[in-house]
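All of the numbers you see were taken from the coordinates with simple rules; none came from a lab. All figures in this text were calculated on a predicted structure; none of them were measured in a lab. Every residue, glycine among them, receives a Cβ derived from its backbone with ideal geometry; neighbour counts consider all protein chains shown.
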Amino acid sequence: MRARVNQIQASLPAELEIEIEQLTPSLFPVLSYNLEGGDPATLYDLARYDIKPLISRVPGVGRVDVQGSDVREIEVIADPARLAAHGLTYADLADGIRRAITVQAVGRVAQDYRQYLIVTDQEAHAAEDIGNVVVHGGLHVRDLATVQVGTEDHVRIIAGDGRPAALINVTRQLGGNSLAIADSIARIMAAVAPTLPPGVHVKPVYDQALLVREAVSSVRDAMLIGAALAVLVLLVFLRHGRITAISATSIPLTLAIIDAIIAHVGNQTFAVPQSAVQEVIEVDPDRLRPLEQNELLTHRGRALPIVRLERLFHLETTPRPRLHAIVVGTGLSAVGLVVDRVAGHREIVVKSIADPLIHVAGVSGATELGDGRLVLILDVGAMSRGVRERPRAGERSA
């Protein structure tokens, strides 16, 4: 799509901007705030220039959009009689202003093995800056037109509770944590609130994190109620408190059991949660293309990042003519994890890494097989994010 648009870009108006984005859930806002309590133009300026930069720095935030009913602009109202008297047209006036206030690259300077680009900054910051622009033969813009601060044409109305407002929409990056983003932005809004002009306040109008928290709470409540009912049924049928208590102790163990694919890489055994596995494929090493620290494979008409676990966890393996890859994740987050051998499917008991001072990137827990071997459970979410963020997976920190 981008290639086709680029082919016709030259035939389109110079000021026309075209944005092409793949439609993914991350394009929809996860947070929305209203800034209320002032005139529309002031509210937009506060949201656009004071609050937006703070939110944009939050890790995981993809884009911050600000909308308002009134957006300030500098208006140039030309006088047709003055233009005609000096033999100028509207286009001449507009071209003169455009050339005078644009940011342009005018040269380069090489110094200390670096090359610096020289840029002229002639942006207008007030109506007087536009009025002082020389158009032709010593004539200034103020001699040909009236320059004043105004607002854009009204093509939308942004309101909250029936009053003018500025709307701040926040979207997250792919793989971003909605809960962490919401908490960070809430702290920013709490810190910004005392600095706002009298009468202006920030009001949350949509928070996806609330839906996530309610969903987690519902699952937790369902598990607790189900466990309580199971114990009650056992007590009714067994009519023995001790036997019921012994049976009830197996409930947490049952909740910790998951289905996993067992795979071997060198002397290390890994477990991949089956819920995240799409398929297991054979890969020809000659079809792989390098991508920074990883590799790419064209699979089912799309680029699939390939992650070699032996490199990720610094394991020793022998070269082999064909590779086995476990495809995990969905959509843009899908990756292929290269392993030596897939041993099959097992039910495993998830055990968290108890030591809080030790963190192994890319690993969510561990388990043991019947022969006593330690099996690392891979964190599929961290693996998919690692391809984009280039983390140091496999390294330990204390």
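Observations on the structure shown:
- Projecting the Cα positions of Ala166, His201, Leu374 onto the charge dipole of the chain (unit charges on Cβ atoms of Lys, Arg, Asp and Glu, taken about the Cα centre) puts Leu374 furthest along the positive direction.
- Relative contact order of the chain, pairs being alpha-carbon contacts under 8 Å that are 6 or more residues apart, as %: 15
- Asp39-Asp95 pseudo-label distance in nm [points 7 Å out on the Cα-to-Cβ vector]: 3.7
- For the pair Ala303 and Ala3, the difference between a 0.36 nm per residue extended length and the Cα-Cα distance amounts to 106.3 nm.
- Considering region 126-200 at the alpha-carbon level, its Rg and Dmax are found to be 21.2, 60 Å.
- Less than 5 angstrom separates the built amide H of Val265 from those of Phe270, Asp340, all sequence-distant by 5 or more or on a different chain.
- P(r) of region 212-251 over all Cα-Cα pairs, binned every 5 Å from zero, in whole percent: 5, 25, 23, 17, 11, 9, 6, 3, 0
- Among the chymotrypsin sites (Phe, Trp or Tyr not before Pro) found in region 85-194, those both in a DSSP coil and sparsely packed, with 16 or fewer other Cβ atoms within 10 Å of their Cβ, are Tyr113.
- Whole-Hz ³J(HN,Hα) from phi, Karplus 6.51 cos²θ - 1.76 cosθ + 1.60, for region 239-249, glycine and proline x: 6, 8, x, 5, 5, 4, 5, 5, 5, 5, 5
- Between Val231 and Glu15, the simple spin-label model (points 7 angstrom out along Cα→Cβ) gives 7.1 nm.
- Taken one residue at a time, the phi angles of region 284-289 give Karplus couplings (6.51, -1.76, 1.60, θ = phi - 60°) of 8, x, 5, 8, 7, 10 Hz. Gly and Pro are set to x.
- Sites Gln122 and Asp183 - FRET efficiency at Förster radius 51 Å, r taken between beta-carbons, to 0.05: 0.75
- Binned Cα-Cα distance frequencies in region 73-151 - 5 Å width, integer %: 3, 15, 22, 19, 13, 9, 7, 5, 4, 2, 1, 0
- Based on DSSP H segments of at least four residues, each scored -39500 (n - 2.57), the chain has a per-residue ellipticity at 222 nm of -8500 deg cm²/dmol.
- Here each label is just a point 7 Å from Cα along the line to Cβ, and for Asp112 and Thr146 those points are 5.3 nm apart.
- Whole-percent P(r), region 79-207, all Cα pairs, 10 Å bins from 0: 9, 21, 18, 23, 21, 7, 0.
- Per-pair calculated FRET efficiency, R0 = 41 Å: Tyr49 and Leu291 via Cβ, rounded to 0.05: 0.60
- Extended-chain gain in nm, criterion 0.36 nm per residue less alpha-carbon gap, Arg57 and Val219: 55.1 nm
- Summed residue charge, Cβ within 15 Å of Ala343's Cβ, Lys/Arg positive, Asp/Glu negative: -2
- For the chain, leaving out every one of the GluC sites (Glu not before Pro) that falls in a DSSP loop and has at most 16 other Cβ atoms within 10 Å, the longest unbroken run is 153-291.
- Sequence of Met1, Met189, Met383 once ranked by neighbouring C-beta atoms within 10 Å, starting from the fewest: Met1, Met189, Met383
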